[in-house]
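Student: This is the structure, below, for whatever I ask next.
The values are calculated or read from the model by the stated rules, or taken from the named source; none is laboratory data. Note that this is a predicted model, so its numbers are computed, not measured. Please note: Cβ atoms are built from the backbone with ideal geometry, for glycine as well, and neighbour counts cover all protein chains shown.
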Amino acid sequence: MERNVWLKSSRSGSNGQCTEVRDRGDAIDVRDSKNPTGPMLTFTPADWAAFVEGVKAGEFDLR
């Protein structure tokens, strides 16, 4: 992931319901693309990596 650049998934539709992610090196930020000046969540790189692995493993799939 490129540093200090907000990225949105290429799978995001035009309906505006998207999140954006930014890698600052020492932290990962996540925000709502419809409200770029609003609040954001910040994760450590280790926590973000664990979340991504959990998504890939299906840990958050609705049953």
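Student: I'd like the full set of residues that are in a helix (DSSP H, G or I) and either in contact with a Ser or Thr (Cβ under 8 Å, 6 or more places away or on another chain) or of a type in the set (Gly, Ala, Ser) (or both), limited to segment 9-55. Working first, answer last.
Tutor: The initial filter retains those residues of segment 9-55 that are in a helix (DSSP H, G or I), namely 45-55.
Once the filter is applied, which keeps residues that are in a helix (DSSP H, G or I) and either in contact with a Ser or Thr (Cβ under 8 Å, 6 or more places away or on another chain) or of a type in the set (Gly, Ala, Ser) (or both), segment 9-55 yields Ala46, Ala49, Ala50, Gly54.
Student: A further question on this structure: Kindly evaluate Ser9 against the criterion of being among the hydroxyl-bearing types (Ser, Thr, Tyr), surrounded by 10 or more Cβ atoms within 10 Å (Cβ to Cβ) and modelled with pLDDT under 95. Break it down into steps so the answer makes sense when it comes.
Tutor: On the way: among the hydroxyl-bearing types (Ser, Thr, Tyr): yes; surrounded by 10 or more Cβ atoms within 10 Å (Cβ to Cβ): yes; modelled with pLDDT under 95: yes.
For Ser9, the condition - among the hydroxyl-bearing types (Ser, Thr, Tyr), surrounded by 10 or more Cβ atoms within 10 Å (Cβ to Cβ) and modelled with pLDDT under 95 - is met.
Every residue, every condition in (1) surrounded by 15 or more Cβ atoms within 10 Å (Cβ to Cβ); (2) touching an Asp or Glu at 6+ places or on another chain (Cβ under 7 Å), yes or no:
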position	(1), (2)
Arg3	no, yes
Thr19	yes, yes
Arg22	yes, yes
Asp26	no, no
Asn35	no, no
Pro39	no, no
Ala50	no, no
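Yes/no per residue for (1) hydrophobic (A, V, I, L, M, F, W, C); (2) touching a strand residue (DSSP E or B) at 6+ places or on another chain (Cβ under 6 Å); (3) modelled with pLDDT under 95:
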residue: Gln17; (1), (2), (3): no, no, yes
residue: Asp23; (1), (2), (3): no, yes, no
residue: Ile28; (1), (2), (3): yes, yes, no
residue: Pro36; (1), (2), (3): no, no, yes
residue: Leu41; (1), (2), (3): yes, yes, no
residue: Phe51; (1), (2), (3): yes, no, no
residue: Gly54; (1), (2), (3): no, no, no
residue: Gly58; (1), (2), (3): no, no, no
